[in-house]
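Chemist: A single structure is presented below for examination.
The values are calculated or read from the model by the stated rules, or taken from the named source; none is laboratory data. Bear in mind the structure is a predicted one, so any value in this text is a computation, not a measurement. Glycine also receives a Cβ, built like all others from the backbone with ideal geometry; neighbour counts cover every protein chain displayed.
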Amino acid sequence: MDRYLDSDIKFVSGVGEMRARLLEKELGIRTLGDMLGHYPFRYVDRTKIYRISEIDDTAPTLVQLRARVTGRAYAGEGRKRRLSVFVSDPTGSAELVWFQGIKWIEKRIEVGREYLVFGRPSFYRNELSFVHPEIETMEQALSRKAESGMQGIYSSTERLSSVLGAKGLYQIVCNTWALAAGRIAEPLPDALRAQYGLLTLRDALYNIHFPQSPELLRQAQYRLKFDELLGIQLNIQTRRAARLAKNNGFLFPKVGGVFNTFYNEKLPFPLTGAQKRVIKEIRQDTVTGFQMNRLLQGDVGSGKTLVALMSMLLAVDNGYQACMMAPTEILARQHFATIGRMLEGMPVRVAVLTGASNARERRAALAGIADGSVDILIGTHALIEDCVRFSNLGFVVIDEQHRFGVEQRARLWTKNEQPPHILVMTATPIPRTLAMTLYGDLDVSVIDELPPGRRPIRTVHYTDAARLRLFGFMRQQIAKGRQVYVVYPLIEESEATDYKDLTDGYEAISRDFPLPQYVTAVCHGRMKPADKEESMRQFKSGEAQILVATSVIEVGVDVPNATVMVIESAERFGLSQLHQLRGRVGRGGEQSYCILMSGEKLSKESRARLEAMCETNDGFRLAELDLKLRGAGDINGTQQSGMAFDLKIANPTLDVQILTLTREAAAALLGADPALAAPEHAGLRELRRRYSRRDEIDFSMIS
Ligand code: ADP
Ligand code: MG
């Protein structure tokens, strides 16, 4: 294949050594191909020129206007220096502001002259202003070639923009194109392109950067998404075939004493139909000889832990060890406690290992799993440290798997030579096809039924003005013997202020609950693990009626007697996080409540999120809504954190149709040529390779 696109970006005119280093550091762009793969994240219509009086809150984020410079002024000194340029058109005036590159702008601004100004409008004290807009004289603007009027906007970093200027990246893309246009190899066979009506890669890249029409832009996006999703599908399907061909899964033929004793004597309640079905699916997987790789989805509170436990008992019955990894210390400890309690009196040894384990606990766990005397190990990602050696690990459960980083997930698989069966569990409901794409080569089970007797949680939204009412309500519930969570946001960047919010809240609550029998426990990420654990113990045992916490309790925590979840600054949480938090209550038979507290002023999206929470308890519906809400602002969906694959343009949640087509296409291609060995499949092979790297379930690491 032509490797020209792998050439160093420094050879593009206008780049050079220094800028090449910067491009790599800031955007990870090293080659011509990388640069062409840096797609615009948005396009603006450069044919529309706004009048100043037309610009208000409803204007798009970037607008263009034609205005005459009426004057300029300087303010501040040294690093704080700023240049203000005043402009007007027949309908009004605006201020353009620069904090950087002032010298460069000064030289280009002439009072009395007309300019085309392009930038993000903002209002400061009712005055329209633009910070660091692009400007060009009308002559320059008119000489620019018209094309379709759509110009790509590229994501950049502050550092890069300050070096390259507003237009710099666009210019580099133009120059890269000039070098590379004739050297873009086509990875897809002609027949495939014809079948799915796809542009050539060259035309797609051209139109993604320089759209010749809205229709061509759409086709370009379609083609590039197709490539990404096809690459993933080829990869997943190849891997699946390899896994099944290996036929090296552990066999759990027996349903033995441990499982049966638990089922007949220890089970605190009858299993739901959905729990039974999933346990059966898992059981079937473990007698086939193939290694199981299963995703279990079930809304919060649907009883996934029990399914996990019973599956682990199957392993134990067949002489294997099992382990369960949870994303937080609190959750790991909780699983250890509940599972330990449920297995009381049974010949199953359970141990726990977390980052906070003391030397004794650690030694006991490590020795026990190495010599095989521990049957079930529960812990955090401490489980994947190198010193953890199982004697015969046969079954792995990963709880709330969306919370783990890709590398963390990958390392568990390498724990023994023969791969254990793997059950990953998540409460984030996503459609099945999507799950397969996001998480790779998985079978999917769904718990679509809550344990009986659950009453729907009532959710209300209060503003701060209703705080007294809130306290009154909390008191009422506590008087009935219930318990209350009060949760504060914790966002890393502003940890200090969040911490202050939480401690202030804690004090206010301690003040407002002066009755001596009300105990408030507190739990946040800055506390020592032992203190966190003590707080959780107080709350779980009922010693404390109120738990003031940050979202460290978001996942998994299970205290059925708690019936009130108060979420402070609820507007700062995402929808799925709110839903997870709400899932901490409504776990017993009592009516539960979720109270979303927020300020008066809310953005449109925040309001929509809070309203959705009040409307429904259904995690699937909320997930859909979340996609819609987020989809609007984030068309290309490039920010899919935690995903197994590095997608630049496809968004599997929105591009479901393309996803389905690529699944079919991949199946047909691999059916005809499993190794993609035919010469015309060289490009496909490359595509498959490109999307194999970040996948969390890399079986090549095992064999
Ligand atoms: P999640 O799926 O969110 O992890 P959990 O496993 O924590 O849910 O279970 C939620 C609560 O429901 C727990 O208190 C658990 O004991 C209870 N539970 C689980 N299965 C059943 C069942 N079949 N009947 C009644 N309660 C159940
Ligand atoms: Mg759970």
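Chemist: I'm told residue 161 meets every condition in (1) over 31 Å from the mean Cα position of the chain (by Cα); (2) closer than 20 Å to residue 27 by Cα; (3) crowded, with 17+ Cβ neighbours inside 10 Å except one. Can you identify the failing condition by its number?
Modeler: It is condition (1) that residue 161 fails.
Chemist: Moving on. Take the residues in region 571-594 that are within 16 Å of ligand 2 (Cβ to nearest atom) and of a type in the set (Lys, Arg), then tell me which one is farthest from the chain's Cα centre (by Cα).
Modeler: Only one residue fits best here, namely 587.
Chemist: Further question: Quick one: would you say residue 178 is outside the structural domain of residue 99 (by TED's automatic domain parsing), under 26 Å from residue 4 (Cβ atoms) and part of a loop (DSSP other than H, G, I, E, B)?
Modeler: No, not satisfied.
Chemist: Name every residue in region 545-570 that is farther than 11 Å from residue 485 by Cβ, over 26 Å from the mean Cα position of the chain (by Cα) and either away from ligand 1 (no atom under 16 Å from the Cβ) or not in a loop (DSSP other than H, G, I, E, B) (or both), in order of residue number.
Modeler: If the condition is that a residue be farther than 11 Å from residue 485 by Cβ, over 26 Å from the mean Cα position of the chain (by Cα) and either away from ligand 1 (no atom under 16 Å from the Cβ) or not in a loop (DSSP other than H, G, I, E, B) (or both), then no residue fits.
Chemist: Suppose we filter 280, 266 for residues that are surrounded by fewer than 21 Cβ atoms within 10 Å (Cβ to Cβ), of a type in the set (D, E, K, R) and either in the same structural domain as residue 557 (by TED's automatic domain parsing) or within 13 Å of ligand 1 (Cβ to nearest atom) (or both); which single one remains?
Modeler: Step by step, each of 280, 266 is checked, and only 266 is surrounded by fewer than 21 Cβ atoms within 10 Å (Cβ to Cβ), of a type in the set (D, E, K, R) and either in the same structural domain as residue 557 (by TED's automatic domain parsing) or within 13 Å of ligand 1 (Cβ to nearest atom) (or both).
Chemist: Being of a type in the set (A, V, I, L, M) and within 16 Å of ligand 2 (Cβ to nearest atom) is the filter; apply it to region 280-305 and report the residue that is nearest to residue 418 (Cα to Cα).
Modeler: That would be 295.
Chemist: Whether any residue in region 444-454 is buried (at least 21 other Cβ atoms within 10 Å of the Cβ) and either in contact with a His (Cβ under 8 Å, 6 or more places away or on another chain) or at pLDDT 85 or above (or both) is what I want to check.
Modeler: Looking through region 444-454, at least one residue is buried (at least 21 other Cβ atoms within 10 Å of the Cβ) and either in contact with a His (Cβ under 8 Å, 6 or more places away or on another chain) or at pLDDT 85 or above (or both).
Chemist: Is it the case that some residue within region 310-324 is in the same structural domain as residue 398 (by TED's automatic domain parsing), part of a strand (DSSP E or B) and within 14 Å of ligand 1 (Cβ to nearest atom)?
Modeler: Yes, the conditions are met somewhere in region 310-324.
Chemist: Additional query: It is to be established whether one or more residues within region 138-148 are of a type in the set (S, T, N, Q) and at pLDDT 85 or above.
Modeler: No; the residues of region 138-148 include none that is of a type in the set (S, T, N, Q) and at pLDDT 85 or above.
Chemist: Here are 288, 305: which of them is among the hydroxyl-bearing types (Ser, Thr, Tyr) and away from ligand 1 (no atom under 11 Å from the Cβ)?
Modeler: 288
Chemist: Let me ask you something else. Exactly one condition in (1) out of contact with any Lys or Arg (no Cβ under 8 Å at 6 or more places or on another chain); (2) in a loop (DSSP other than H, G, I, E, B) is false for residue 191; which is it?
Modeler: Failed condition: (2).
Chemist: Can you tell me which residue in region 539-570 is farthest from residue 602 (Cα to Cα), limited to those that are among the charged types (D, E, K, R) and more than 16 Å from ligand 2 (Cβ to nearest atom)?
Modeler: Restricting to residues being among the charged types (D, E, K, R) and more than 16 Å from ligand 2 (Cβ to nearest atom), the top hit is 543.
Chemist: Further, regarding this structure: Can you say whether residue 193 is surrounded by fewer than 20 Cβ atoms within 10 Å (Cβ to Cβ), within 30 Å of residue 689 (Cβ to Cβ) and within 31 Å of the chain's Cα centre (by Cα), as far as the supplied structure shows?
Modeler: no
Chemist: Another question, then. Kindly indicate which of 684, 659, 669 is touching a helix residue (DSSP H, G or I) at 6+ places or on another chain (Cβ under 8 Å), modelled with pLDDT of 85 or more and within 26 Å of residue 423 (Cβ to Cβ).
Modeler: 659
Chemist: Still on this structure: Residue 609: of a type outside the set (Asp, Glu), at pLDDT 90 or above and either within 23 Å of the chain's Cα centre (by Cα) or within 20 Å of residue 328 (Cα to Cα) (or both), yes or no?
Modeler: yes
Chemist: Moving to a separate point now. Please enumerate the residues belonging to region 75-98 that are surrounded by fewer than 17 Cβ atoms within 10 Å (Cβ to Cβ) and in contact with a helix residue (DSSP H, G or I) (Cβ under 8 Å, 6 or more places away or on another chain).
Modeler: 81, 82, 88, 91, 92, 93
Chemist: Residues in region 61-76 that are out of contact with any Phe, Trp or Tyr (no Cβ under 9 Å at 6 or more places or on another chain) and of a type outside the set (Gly, Ala, Ser): how many?
Modeler: 2
So that you can scan it fast, the table gives a plain yes or no per residue for (1) over 21 Å from residue 472 (Cβ atoms); (2) among the small types (Gly, Ala, Ser); (3) in contact (Cβ under 8 Å) with a residue 40 or more places away in the chain:
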position	(1), (2), (3)
525	yes, yes, no
531	yes, no, no
534	yes, no, no
539	yes, no, yes
547	no, no, yes
560	yes, no, no
567	no, no, yes
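Let's see how each residue does on (1) within 14 Å of ligand 1 (Cβ to nearest atom); (2) not aliphatic (A, V, I, L, M):
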| position | (1), (2) |
| --- | --- |
| 585 | yes, no |
| 603 | no, yes |
| 608 | no, no |
| 611 | no, yes |
